[in-house]
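Structure first, then comments.
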Protein chains: 2
Amino acid sequence: MEFEPPLVGCIVSNRDYSFGLLKATRECSLNIPTVELAEKVVAVGNCSGRDTDKFKLAGLTAKPAKLVAAPLVAECYAILECRVADTRLVNRYGLLILEVVQAWVDTAVKQPRPLHHRGWGEFMVAGERIKLVSGMMWRRCLRPPQR
Amino acid sequence: MEFEPPLVGCIVSNRDYSFGLLKATRECSLNIPTVELAEKVVAVGNCSGRDTDKFKLAGLTAKPAKLVAAPLVAECYAILECRVADTRLVNRYGLLILEVVQAWVDTAVKQPRPLHHRGWGEFMVAGERIKLVSGMMWRRCLRPPQR
């Protein structure tokens, strides 16, 4: 939602176990998996932390965060440590506005392929990257751009 | 942001010409292009409706909407006609909550490849679709799932 400070809008159902934890602790980590973890993503998405140790179920590794109490998922490509910044639209829409206070990325992964859930068990996998340079010429990028 | 009624959260900078139009009319259309339109997307994204006819500049076709006054972009794969439903976070974050009142899709396009802007002229093109069926078996979907 914003670059400076970095803000992420996140909808969480008040029926989810995460919702109560977020209201109580006002902290979380957002763990971004790539396609290699898809089966584990589905497994942890189809059970609840109320009665299941998701890390154990899926064979994922919890590791400590730097700035928040919530654990990080070590296998994920990128991770955002977040604090809840605004709760004005929580009751109406379940919308939490999170401020990213620490970000991690696995720099060994050169071509990450994150997942986008489309519902009904279907995911879109991120595809090729294209770059439009000045003069509107096309160029395919084999690597992330140097910024 | 929600399924029923369908809500979309949309951040619009108050420096954009669209921002004033949205505040005044409280209506818009969201026009979703695929990769074939990428050059036109960049062209219309790098000028302002204040002083430019974007349809003319990019060779795109305006067509009337069914329920809103804003025009639709005929070449787009999918189009959402929207009314502004909530402006509580507009001043703080530029966040408009839009209710989709009419949706269109080009059913002739079987494998749409929409674009995701990554900044700095770079886009991620939607890639393959995967489906995880029960028993956690993988299956590649050549077509959208029958819902």
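The values are calculated or read from the model by the stated rules, or taken from the named source; none is laboratory data. No experiment lies behind these values; they were computed from the predicted model shown. Cβ atoms come from the backbone with ideal geometry, glycine included; neighbour counts cover every protein chain shown. For the accessible areas, the whole protein counts, side chains as well, though only heavy atoms, and no ligand, DNA or RNA atoms are used. Shrake-Rupley method; radii C 1.70, N 1.55, O 1.52, S 1.80 Å.
Couple of notes before you dig in:
- Options A:VAL109, A:VAL73, A:VAL100: the member that is at pLDDT below 95 and either touching a Phe, Trp or Tyr at 6+ places or on another chain (Cβ under 8 Å) or surrounded by 13 or more Cβ atoms within 10 Å (Cβ to Cβ) (or both): A:VAL109
- Odd one out for A:LEU30, checked against (1) in contact (Cβ under 8 Å) with a residue 12 or more places away in the chain; (2) farther than 16 Å from A:ALA103 by Cα: (2)
- Hits in the range B:19-34 - residues which are open to solvent by 60 Å² or more (accessible area, probe 1.4 Å) and in a helix (DSSP H, G or I): B:LEU21, B:LYS23, B:ALA24, B:THR25
- Those strands (runs of 3 or more DSSP E) of the range B:48-141 in which at least 3 residues are over 30 Å from A:GLU36 (Cβ atoms) and within 14 Å of another protein chain (Cβ to nearest Cβ), considering only elements entirely within it, cover B:95-105.
- Of all the residues in the range A:35-51, those that are open to solvent by less than 40 Å² (accessible area, probe 1.4 Å) and not hydrophobic (A, V, I, L, M, F, W, C) number 2.
- Taken together, the criteria place A:THR61 among residues that are touching an Asp or Glu at 6+ places or on another chain (Cβ under 9 Å) and either of a type in the set (Asp, Glu) or open to solvent by 30 Å² or more (accessible area, probe 1.4 Å) (or both).
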